[in-house]
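Report on one structure; see the data block that follows.
The values are calculated or read from the model by the stated rules, or taken from the named source; none is laboratory data. A quick note: this is a predicted structure, and the numbers were derived from the prediction, not measured. Here the Cβ positions follow ideal geometry from the backbone for every residue, glycine too, while neighbour counts run over all protein chains shown. Note: accessible area is taken over every heavy atom of the protein model, side chains too, but ligands, DNA and RNA are not part of it. Shrake-Rupley method; radii C 1.70, N 1.55, O 1.52, S 1.80 Å.
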Amino acid sequence: MATEKLDTATRREQIAEAALALISEKGMQGLAIASLARRVGLVNSALYRHFNGKDEVLDAMLDLIGDRLMANVKAVRRESARPLDQLRQLLMRHIRLIRENQALPRIVFSEEIYSGKPERRTKLFNIISRYLTNVSDIFSEGQKNGTIRPDTDPLVLAVMFLGLIQPAAILWHLSNNKFDVTKQAEKAWGIFADGLSR
């Protein structure tokens, strides 16, 4: 029984990843159950054993994005004990996540995600809020150990941190990946970190 549950969870993640890939290639309109089933080597009816329809797939994609964001936070906390190093590494991991998943900007800014589904808008808000809370915890730790200036609300800093990513990601997306989002993030981090340091 436990193996069956693991297989189902693995298959659901595989389907969510395939949905992200389809959206990366074809936009939100490219996400169709038949295409998705083909991509993971299933017939439509087999895919319906894992998801009741496209809405559940969209929710699973949001969960997958949230899981990856939180996995990045956990990874940088393991890799370094210094908050400024953690934040820089987190910024670069977030940029890599966007570059490897071109669907992310399309999903976050898609009306299809929210249309008629206020609970999905809330779900995405909660995912981003949880991420920001974890980022603000890193800022708080830096303030406590004296490496980050103490005169700014950590949550404000976390939102500003996200601001290093979103505009650059939009430009990257709009330019068909010609805008160098990685270089922009590196340069922006230098300016941001200078303002944070005591």
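Miscellaneous remarks
- Qualifying residue in region 93-115 (condition: at negative phi, in contact (Cβ under 8 Å) with a residue 24 or more places away in the chain and small (Gly, Ala, Ser)): yes
- Within region 90-103, considering residues that are surrounded by fewer than 17 Cβ atoms within 10 Å (Cβ to Cβ) and not basic (Lys, Arg), the one farthest from the chain's Cα centre (by Cα): Met92
- Residue under evaluation Val57, criteria (1) under 24 Å from Glu111 (Cα atoms); (2) loosely packed, with under 15 Cβ neighbours inside 10 Å, criterion not met: (2)
- Checked against (1) in contact with a strand residue (DSSP E or B) (Cβ under 6 Å, 6 or more places away or on another chain); (2) free of Cβ contacts under 8 Å to residues at least 24 places away in the same chain, Asp153 passes all but a single condition, namely (1).
Matching residues to (1) over 27 Å from Lys144 (Cα atoms); (2) in contact (Cβ under 8 Å) with a residue 24 or more places away in the chain:
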{"position": "Arg38", "(1), (2)": "yes, no"}
{"position": "Ser45", "(1), (2)": "yes, no"}
{"position": "Arg49", "(1), (2)": "yes, no"}
{"position": "Asp63", "(1), (2)": "yes, yes"}
{"position": "Ala71", "(1), (2)": "no, no"}
{"position": "Glu79", "(1), (2)": "no, no"}
{"position": "Arg82", "(1), (2)": "no, yes"}
{"position": "Leu91", "(1), (2)": "no, yes"}
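- Entirely in region 104-198, the helices (runs of 4 or more DSSP H) that have 3 or more residues that are β-branched (Val, Ile, Thr), under 12 Å from Leu87 (Cβ atoms) and open to solvent by less than 40 Å² (accessible area, probe 1.4 Å): none
- Residue check, Gly146 touching a Lys or Arg at 6+ places or on another chain (Cβ under 8 Å) and over 18 Å from Gly66 (Cα atoms): yes
- Checking each residue in region 49-87 for being within 16 Å of the chain's Cα centre (by Cα) and not aliphatic (A, V, I, L, M) picks out Asp59, Asp63, Gly66, Asp67, Arg68, Asn72, Lys74.
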